[in-house]
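I have placed the structure first, in the form of C-alpha cells, so that the comments after it can refer back to it.
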Amino acid sequence: MNLHEYQAKRLLQEEGVPVPRGIPAFSVKEAVNQARALGGQNWVLKAQVHAGGRGKAGGVRRVASIGELEQAAQSLLGKPLVTQQTGPEGKHVAALLIEEPSSIQREFYLALLVDRSTARQTFIASQAGGMEIETLAVEHPEAIERIPLEPGVGFLPYQARSLGFRWELPLGAVQQLVRIMHGMWRLAQRLDGQLLEINPLALTADDRLVALDAKIVIDDNALYRHPESDELFDSTQQDAREIVARQFGLNYISLGGTIGCMVNGAGLAMATMDLIKLEGGEPANFLDVGGGAAADKVTQAFKLILSDPRVKAILVNIFGGITRCDLLAQGIVQAASEAGVPVPVVVRLEGTKKEEGMAILAASGLHFVTADGLTDAARKAVLAAQA
C-alpha cells in the first residue's frame, strides 16, 4: 500500500527524521489558511498523488504570494495530474501539501528497502539525489551504494557514519544522518515497510539534513497487522476495479489493453500476458483468482473483467492443481450465464479433471472457444479481440 507524501513525512517525523514544516490541505480555502498559518511570503505547493515525476508535470510549484498560491491550488485540486508514471488518465488530486521552502546546498538519495536478491533490508544511497533512481541505476550504477543490514542485528550507527564521511558531510550532519537512518529502520520495522524513500535528502545552507520528499510502501501481506493503515488508504489513487477486487480477495491490476485475463496463479498470469503480447495483443489486466478459486470467486472475476469497457475478448487460462478443472468449469459457466458475457471467451484448461471440465463447457449451451495449449489460447484470444 502506497502512502501520500504528507503521510510519509508525518510518520518519519515521529521517528526523529527532520522534514520541512508543512500542512496538508483538501480545499483551496484550506490551502490559503494553511499557508497563512505557516507564515512567510513563499511556499511550496505539492500535489498529493501516488506517482513520481510530479515536478516535471507541474504538480510541485513554488509560489510567492497568497494570490499565486490560491491560483495554483485551484488549478490542481479536483483534477487529474498526468506524469510519466500515471499513464494518460493521470491521478486524481484530492490533497495538497503546503510547505515552507528550503535553501538547498546539496541533494542526496536515501532509501531502505527489502532486497529480495539477498533477503535483507538494504539501504540504497547516492550523492545524485533528486534524479530518477531507475535511470541512475542504468546509466551510472557506480553512483549507487548498497548497505545491507544483517538479519537479527539490523541498523548499526557506524554504517551511517561511514556513509556520511564518504559524502563529506559536516560533522553535525553526519550525526544527523545516524539519527535519520536509525529512524527509517525503526519505522520500517513498525510498519512492515517494503520501501522507505527520501529523495531528495537535502543538506541545507545551514548544514542541516532535511527530507524534502518521502515515499513509503507498506507490505500488503502485512496489512492485517496494521488496522491503523485503513486511515492511510486513499481510494482515489486506485482503479475502482482494483478496490472491488481487493474486497473479494482477487489480485487485479488494470493495464489498459483489450484482452481480459483470468488465470489461477501469479506466475501463470505473467506468462499468459507475455504470450498475448508475443502474439500481437495487449492484456487489459492482470487477474490472479488464486489456486483454490471457487465458482463464486470466478463469477466475481468475470464481472470485474467485463466492467472494463475496453475488453473485446476474455482469455481464461486455468491449471487444475489445487482446484479441479471440472469445478472451475462450472464456475466459468455460472459466471458467463450470470454476467451475460458479450465478448468472445477463450478457455484453456489443463490438469486434474481436464476432460470433465471441457465436457461441462461443451454442454453449457454457451459459446466458448476452447484452446489446446497456452500459445494456441493466446493466439485465439488476440484474433477474437481483433475481429
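The values are calculated or read from the model by the stated rules, or taken from the named source; none is laboratory data. All values derive from a computational prediction rather than experimental measurement. Glycine also receives a Cβ, built like all others from the backbone with ideal geometry; neighbour counts cover every protein chain displayed. We work out accessible area using only protein heavy atoms, side chains counted, and drop any ligands, DNA or RNA first. Shrake-Rupley method; radii C 1.70, N 1.55, O 1.52, S 1.80 Å.
Between the Cα long axis of helix 28-38 and the first principal axis of the chain there is an angle of about 30°, rounded to the nearest 10.
On a full-extension model of 0.36 nm per residue, what is the gain between L195 and A359, subtracting their alpha-carbon distance, rounded to one decimal in nm? Please list the in-between numbers first.
Numbers: separation 164, 0.36 × 164 = 59.04 nm, distance 4.79 nm.
So the chain would gain 54.3 nm between L195 and A359.
Taking Lys and Arg as +1 and Asp and Glu as -1, the other residues whose beta-carbon sits under 14 Å from that of Q175 total +2. For the pair N33 and R208, label points projected 7 Å from Cα toward Cβ lie 2.7 nm apart. Gaussian network model of the chain, Cα springs within a sub-10 Å range: biggest mean-square fluctuation belongs to which of V44, V263, V343? Result: V343 has the largest fluctuation of those listed. Selection among T236, A313, I216 by position relative to the dipole of the range 181-324 gives A313 as farthest towards the positive end (Cβ unit charges, Cα centre).
What accessible surface, in Å², does a 1.4 Å probe find on F368, ignoring ligands, DNA and RNA and rounding to the nearest 10? Using a 1.4 Å probe on the heavy atoms, I get roughly 30 Å². With K and R counted +1 and D and E -1, the other residues having a Cβ less than 15 Å from that of K29 yield a net charge of -1.
With +1 on each Lys and Arg Cβ and -1 on each Asp and Glu Cβ, how big is the dipole of the range 310-367 about its Cα centre, in debye rounded to the nearest 20? Before the final figure, lay out the partial values.
Numbers: 6 positive and 5 negative charges, 48 e Å.
In total the dipole reaches around 240 debye.
With axes computed from alpha carbons, what is the tilt in degrees of helix 66-76 against the longest principal axis of the chain, rounded to the nearest 10 within 0 to 90? Approximately 10 degrees, to the nearest 10. Relative to the current alpha-carbon distance between R186 and I322, full extension at 0.36 nm per residue lengthens the span by 45.0 nm. For the range 156-210 and the range 133-150, compute the distance between their C-alpha centroids and round to whole Å. If you average the Cα positions of each part, the centres end up 16 Å apart.
Legend: distances between Cα atoms for K215/K303; K277/K312; K9/K56; pairs beyond 24 Å are K215/K303. For the pair the range 50-78 and the range 253-294, the centres of their Cα atoms are 37 angstrom apart.
Give me the net charge for the shell around V17: Cβ to Cβ below 11 angstrom, other residues only, Lys and Arg +1, Asp and Glu -1. So the surrounding residues net to +2.
Dipole size of the range 267-373 about its Cα centre, with +1 on Lys/Arg Cβ and -1 on Asp/Glu Cβ: approximately 140 debye, rounded to the nearest 20.
Using only DSSP helix segments of four residues or longer, with each worth -39500 (n - 2.57), what per-residue ellipticity at 222 nm results for the chain after dividing by its residue count and rounding to 500? Provide the component values of the computation, followed by the final result.
Values: 12 runs with 141 residues, N = 387.
Helix-only estimate at 222 nm: -11000 deg cm²/dmol.
A 1.4 Å probe over all protein chains sorts H182, H50 by accessible area into H182, H50, starting with the largest.
Against the main long axis of the alpha-carbon atoms of the chain, helix 374-386 sits at an angle near 80°. Extension gain for L278 to T135 (0.36 nm times residue separation, less C-alpha to C-alpha distance): 48.9 nm. The trypsin sites (Lys or Arg not before Pro) of the range 1-105 that DSSP puts in a loop, and whose beta carbon has at most 13 other beta carbons within 10 Å, are R21, K56. Between the listed residues V28, S65, F248, the Cα displaced farthest toward the positive end of the dipole of the chain, a dipole computed from Cβ unit charges relative to the Cα centre, is found at S65. Computed about the Cα centre, the dipole magnitude for the chain is approximately 340 debye when only Lys and Arg (+1) and Asp and Glu (-1) carry charge, each at its Cβ.
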